[in-house]
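For reference, the structure is listed below as structure tokens.
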Amino acid sequence: MSDITADDEVTRTVITVKRRTLDRLKRQAAQRKISMAALMREALDEKANEAQPWPKSAGAFDSGRTDLSELASEGLTGIPTWR
């Protein structure tokens with residue numbers, strides 16, 4: 001069974017891989033009885049869907065203020081809401 005459906009937009013690409021990595025992938029695909037392409041797409045999807053880490057700078061600074069959300073909402077007077 002194919003992991004790609006008629007609704008999927010796909011493109012071809014070429015990658016360079018170490019021989020020993022390719023050999024391991026071939027063995028895994030054979031053990032699971034799936035194509036190398038399906039195994040590669042699965043691995044790429046998993047990697048692409050991993051949670052992205054916060055930037056190292058996030059939370060690194062402190063303004064010392066505790067009223068920032070109140071100050072931000074003050075600037076919104078007169079703006080129509082969407083609800």
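Just so you know, all these numbers are worked out from the coordinates, no wet-lab data involved. What you see is a predicted model, and the numbers here were worked out from it, not measured in a lab. Here the Cβ is made from the backbone with ideal geometry for all residues, glycine too, and neighbour counts use every protein chain on show.
Rounded to the nearest 0.05, what FRET efficiency do GLU9 and THR66 have when you use their Cβ-Cβ distance and R0 = 41 Å? Approximately 0.30, to the nearest 0.05. For the listed peptides 29-37, 4-12, 43-51, a ranking on the average number of other beta carbons within 10 Å per residue, highest first, reads 29-37, 43-51, 4-12.
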